[in-house]
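The values are calculated or read from the model by the stated rules, or taken from the named source; none is laboratory data. Values in this document were obtained by computation on a predicted structure and should not be read as measured data. A quick note on method: Cβ atoms are made from the backbone with ideal geometry, for glycine too, and the neighbour counts reach across all protein chains shown.
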Amino acid sequence: MAEIFIDNKRYEFEGQTKVLQFILDQGLELPFFCYHPSLSIPANCRQCYVEAGQPVLNRETGEYELDDNGERVIRFFPKLMTACSLDATDGMVIKTHVTSELVRRGQKDILEFILINHPLDCPICDQAGECPLQIQTYKYGPEGSRFEHKKVHKPKRIQLGPRVVLDAERCINCTRCVRFTEEISKSNQLTISQRGDHNYPITAPGTEFDDPYSINTVDICPVGALTSTDFRFKARVWEMSSTPSIDITNAKGCAVDIWTRDNLVMRITPRYNPHVNDYWMPDAGREAYKIYNENRISRPEMVVNKDSIKTSWNNALLTISEKLTGAETGKTLVFASAYASVEDNYAIQQFFARFANTTVIYVPDIKPGTGDDFLITDDQAPNSSGCKLLGINEVDADQAKGMIDSGTYETLVILQEDLVGRGIASTESLTQYFSVYLGTNNNSTSRSASVTIPITTAAEHFGSYVNVDGRIQRTLPAKETLYTDRRLDLQMSMGRLDHYGTRFDNWVSDNNKIDCIPAWEFLVRLSHEMNLEFRYNEAREIIDEIALKNSSFAGISYERMDRELGIALQDQPSKELNPA
Amino acid sequence: MQNFEFTKEELAKIDAIIARYPNPQPAVMPVLWMAQEKYGHVEPDVQKLVARTLNLPEAHVHGVATFYTQYYKERKGKYVLDVCTSFSCQACGGYETLHYLEDKLGIKAGETTPDGMFSIQSVECLGACGYAPMMQITNDVYVNHLTPEKLDKVIDDLKKDQLPEFESIPLVQNRTTAMENE
């Protein structure tokens with residue numbers, strides 16, 4: 001096995017690796033700006049300087065030459081080398097800032113160069129707090145600047161595209177954004193304009209940066225030059241807490257982090273998952289915060305004398321249990337949903353299995369041609385594969401419409417699916433039914449339903465979703481509901497503000513907690529009301545039961561999903577399966 | 001709006017340029033140059049023409065065009081007078097030359113005369129310090145050892161579309177020989 005010595009410590013490596021990536025893989029630190037593991041290596045920021053040397057091989061004996069002390073003679077490269085572009089070789093000796101004064105000096109001088117024209121506007125910059133330039137200047141930078149002249153001024157507040165704003169003065173020309181559009185999104189929309197100290201990234205004249213993946217450039221920008229039009233000036237990073245979750249706006253299920261402050265989702269950023277999305281996510285997925293924050297159903301609603309009124313949970317439970325108890329067999333139609341989690345779908349499937357002859361179906365929401373072969377799928381819903389694997393009957397929109405209009409059924413139970421919005425049912429046809437809508441957001445279906453039950457979104461519950469490639473991943477609650485408390489639930493994340501904030505702080509209130517519960521929990525309460533055997537205390541019990549009962553889900557658990565960044569299910573969802 | 005197109009002959013020439021390289025990127029510079037010689041500038045629409053012709057992203061061509069100051073990203077006069085004001089020329093009267101031209105043509109550096117004949121630019125070192133003060137005309141001929149009289153003549157000639165001849169001035173190669181010759 002090849003060996004490499006970093007700061008006098010021996011490491012072993014196999015195959016080809018760059019020195020910087022190897023150092024990072026060991027959990028060691030080396031400052032850098034332009035390097036990104038998924039992009040090409042231009043080595044233009046020069047921040048990852050190291051001293052590098054190789055042992056001298058005696059060509060005649062084939063042995064390494066030794067000095068008087070019996071140590072290998074090391075021939076160092078005459079200048080500092082950029083670790084990002086340097087291939088590790090057998091016997092290589094690397095000195096980083098830990099052991100080399102020269103490297104420390106080099107890093108400091110590079111930072112001084114980079115900072116010559118960089119504005120000192122950290123207090124109003126969105127990147128502050130998560131800015132590699134800020135962090136590395138603190139750690140490795142000079143204490144002041146020797147540059148006494150006017151800084152070069154460049155364009156500010158340039159709307160590069162609908163979702164990205166450029167502040168060219170902050171740019172350090174690492175070209176990560178340009179390389180992203182060339183190598184990852186392949187839209188080739190960005191370039192570096194001009195040269196020397198006047199250069200900055202820009203689109204070609206007359207074009208805009210409307211790449212469907214454009215906000216990824218904001219994430220990889222190592223300074224505050226590119227900011228998201230939407231998130232700009234909304235929150236400081238240290239005020240938010242982040243929770244691992246997944247993107248629920250299409251069937252790819254990109255791994256994301258949900259950033260909340262005072263139980264509002266402020267932004268959604270991609271989380272590294274090499275099996276699904278690498279470091280990226282589509283812009284559309286970041287809009288999901290609107291689903292989590294806005295237009296939410298809070299408290300159950302009922303139609304009384306043609307008026308929709310807020311009602312108590314008890315009243316809603318009683319009404320539904322009465323109707324279901326009195327319903328004739330075979331007259332209840334249940335819509336499971338590709339928009340709901342595996343747990344919720346399983347719960348609704350199992351709950352209604354206790355009523356003879358009840359039809360449980362789901363209607364996939366596929367819009368052909370809207371996807372690409374990267375991270376956007378034709379399938380608009382996050383869990384079609386999950387429904388299929390659970391063995392819920394798949395019905396297309398026309399068939400479902402026919403079922404609703406047939407007059408065969410009297411009661412409709414709809415999980416999350418916006419039937420009216422999708423054109424499967426009309427407001428008029430729904431009024432013919434006693435309809436229960438278990439939904440997260442107000443929409444035309446919720447307004448037409450006899451009883452509306454508010455349920456949790458992916459940002460508020462533990463839920464698993466099976467993506468288009470058959471990979472099951474899970475979400476954790478990022479927002480509190482009226483009935484959850486991040487101080488008590490150790491699985492919820494807490495940011496600084498959650499830990500130490502008081503009512504006297506900015507941004508701390510209890511105003512943003514929604515009065516809702518997970519759909520499975522509502523069904524459990526309903527079963528209490530109706531004296532049915534249907535008991536779960538937490539989502540984990542449901543997923544464990546699925547793992548035992550359904551062979552497609554065999555062996556899965558929340559722990560494995562967390563540890564292995566999701567689990568590829570054995571059976572591909574395209575297979576026809578019998579109901580569990 | 002002007003319609004920018006390459007003629008068939010030009011396209012054949014471009015194909016020959018592309019054939020010289022393993023991929024089309026390196027052809028951007030010569031093709032931009034062709035376009036500038038044809039239209040006198042490489043405004044965004046001309047950059048688009050180049051991108052279209054080479055089947056490359058517009059942004060890439062824009063990046064190349066803005067990198068080099070010799071590509072004119074906006075319309076200039078027929079003759080662009082690049083007056084060197086870097087160190088050597090400055091010491092020998094570069095700014096006097098520039099100001100003399102500005103007064104004579106009634107425009108400032110960076111501007112174009114209303115008749116579209118002349119633009120003046122103050123540029124950095126053109127690598128001809130031995131000829132200071134000097135200027136370059138439209139990325140072409142160098143005019144050396146400028147004096148007001150010489151500038152008058154150059155401007156008059158240019159108005160008659162006569163580019164000045166390049167005068168080669170041998171530099172002193174060997175100090176002792178030069179002294180002996182004196």
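When we screen A:Asn293, A:Asn314 for residues that are surrounded by fewer than 18 Cβ atoms within 10 Å (Cβ to Cβ) and at pLDDT 95 or above, the only hit is A:Asn314.
If I go through region B:45-64 residue by residue, how many of them are of a type outside the set (Val, Ile, Thr) and more than 9 Å from chain A (Cβ to nearest Cβ)? Write out each step before concluding.
Residues of region B:45-64 of a type outside the set (Val, Ile, Thr): B:45, B:47-49, B:51-52, B:54-60, B:62-63.
The next check asks that each one be more than 9 Å from chain A (Cβ to nearest Cβ); those that pass are B:49, B:52, B:54-55.
Within region B:45-64, residues that are of a type outside the set (Val, Ile, Thr) and more than 9 Å from chain A (Cβ to nearest Cβ) number 4.
Of the helices (runs of 4 or more DSSP H) lying entirely inside region A:308-414, those containing at least 3 residues that are under 23 Å from the mean Cα position of the chain (by Cα) span A:342-352, A:384-390. Taking the criterion of being part of a loop (DSSP other than H, G, I, E, B), within 13 Å of chain B (Cβ to nearest Cβ), at negative phi and surrounded by 20 or more Cβ atoms within 10 Å (Cβ to Cβ), the residues of region A:163-194 that qualify are A:Ser185, A:Gln189. Scanning region A:549-569 for residues that are within 15 Å of A:Gly391 (Cα to Cα) and either at pLDDT 95 or above or out of contact with any Lys or Arg (no Cβ under 9 Å at 6 or more places or on another chain) (or both) gives A:Lys549, A:Asn550, A:Ser551, A:Phe553, A:Ala554.
The single condition among (1) at pLDDT below 90; (2) over 26 Å from A:Thr325 (Cβ atoms) that A:Pro579 does not meet is (2). Exactly one residue out of A:Gln136, A:Gln159 is of a type in the set (S, T, N, Q), out of contact with any helix residue (DSSP H, G or I) (no Cβ under 8 Å at 6 or more places or on another chain) and away from chain B (no Cβ under 14 Å), and it is A:Gln159.
In region A:492-523, what residues are assigned to a helix (DSSP H, G or I) and crowded, with 20+ Cβ neighbours inside 10 Å?
Result: A:Leu497, A:Asp498, A:Ala519, A:Trp520, A:Glu521, A:Phe522, A:Leu523.
With respect to being modelled with pLDDT of 95 or more, part of a loop (DSSP other than H, G, I, E, B) and buried (at least 24 other Cβ atoms within 10 Å of the Cβ), A:Ala458 fits the description. For A:Cys131, the criteria (1) out of contact with any strand residue (DSSP E or B) (no Cβ under 7 Å at 6 or more places or on another chain); (2) within 14 Å of chain B (Cβ to nearest Cβ) hold in every case but one, which is (2).
Taking region B:65-158 and the strands (runs of 3 or more DSSP E) fully enclosed by it, the elements with 2 or more residues that are closer than 30 Å to A:Thr203 by Cα, aliphatic (A, V, I, L, M) and out of contact with any Pro (no Cβ under 9 Å at 6 or more places or on another chain) are at B:118-123. Within region A:123-151, being touching a residue at least 40 places away in the same chain (Cβ under 8 Å) and surrounded by 14 or more Cβ atoms within 10 Å (Cβ to Cβ) holds for A:Cys125, A:Asp126, A:Gln127, A:Ala128, A:Gly129, A:Glu130, A:Cys131, A:Pro132, A:Leu133, A:Gln136, A:Tyr140.
Residues that are in a strand (DSSP E or B) and within 10 Å of chain B (Cβ to nearest Cβ) within region A:201-235 comprise A:Pro201, A:Ile202, A:Thr203, listed in sequence order.
If only residues of region B:81-125 that are touching a Phe, Trp or Tyr at 6+ places or on another chain (Cβ under 8 Å) and surrounded by 17 or more Cβ atoms within 10 Å (Cβ to Cβ) are counted, the one that is nearest to B:Glu149 (Cα to Cα) is B:Leu105.
When region A:183-199 is filtered for residues that are of a type in the set (Gly, Ala, Ser) and touching a helix residue (DSSP H, G or I) at 6+ places or on another chain (Cβ under 9 Å), the ones remaining, listed by number, are A:Ser185, A:Ser187, A:Ser193. Scan region A:246-264 for residues that are in a strand (DSSP E or B) and either touching a helix residue (DSSP H, G or I) at 6+ places or on another chain (Cβ under 6 Å) or under 26 Å from A:Asn506 (Cα atoms) (or both) and jot them down. A:Asp257, A:Ile258, A:Trp259, A:Thr260, A:Arg261, A:Leu264, listed by residue number.
Tell me, yes or no, whether region B:52-61 has at least one residue that is of a type outside the set (A, V, I, L, M, F, W, C) and closer than 29 Å to B:Tyr142 by Cβ. No, region B:52-61 has no match at all.
Of all the numbered requirements in (1) within 22 Å of A:Glu287 (Cα to Cα); (2) in contact with a Phe, Trp or Tyr (Cβ under 8 Å, 6 or more places away or on another chain); (3) surrounded by 20 or more Cβ atoms within 10 Å (Cβ to Cβ), A:Val256 misses one, and that requirement is (2).
Being within 15 Å of B:Met134 (Cα to Cα), of a type in the set (Gly, Ala, Ser) and more than 11 Å from chain A (Cβ to nearest Cβ) is a property that does not hold for B:Gly106. Could you check A:Ser242 against (1) away from chain B (no Cβ under 14 Å); (2) over 27 Å from the mean Cα position of the chain (by Cα); (3) assigned to a strand (DSSP E or B) and say which number it fails? Of the numbered conditions (1) away from chain B (no Cβ under 14 Å); (2) over 27 Å from the mean Cα position of the chain (by Cα); (3) assigned to a strand (DSSP E or B), the odd one out for A:Ser242 is (2).
For region B:13-35, the criterion of being assigned to a loop (DSSP other than H, G, I, E, B), of a type outside the set (Phe, Trp, Tyr), surrounded by fewer than 18 Cβ atoms within 10 Å (Cβ to Cβ) and on the phi > 0 side of the Ramachandran plot is met by no residue. Can we say B:Thr53 is assigned to a loop (DSSP other than H, G, I, E, B) and either surrounded by 13 or more Cβ atoms within 10 Å (Cβ to Cβ) or over 18 Å from the mean Cα position of the chain (by Cα) (or both)? When the stated conditions are applied, B:Thr53 does not pass them.
Would you mind finding the one in A:Arg163, A:Arg176, A:Arg170 that is of a type in the set (Lys, Arg), in contact with an Asp or Glu (Cβ under 8 Å, 6 or more places away or on another chain), at pLDDT 95 or above and under 12 Å from A:Val223 (Cβ atoms)?
A:Arg170
Restricting B:Tyr39, B:Tyr131, B:Tyr79, B:Tyr95 to residues that are among the hydroxyl-bearing types (Ser, Thr, Tyr) and in contact (Cβ under 8 Å) with a residue 60 or more places away in the chain narrows the list to B:Tyr79. Scanning region A:427-436 for residues that are in contact with an Asp or Glu (Cβ under 9 Å, 6 or more places away or on another chain) and surrounded by 16 or more Cβ atoms within 10 Å (Cβ to Cβ) returns A:Ser429, A:Tyr433, A:Phe434.
Being in contact (Cβ under 8 Å) with a residue 40 or more places away in the chain and buried (at least 19 other Cβ atoms within 10 Å of the Cβ) is a property that holds for A:Ile376.
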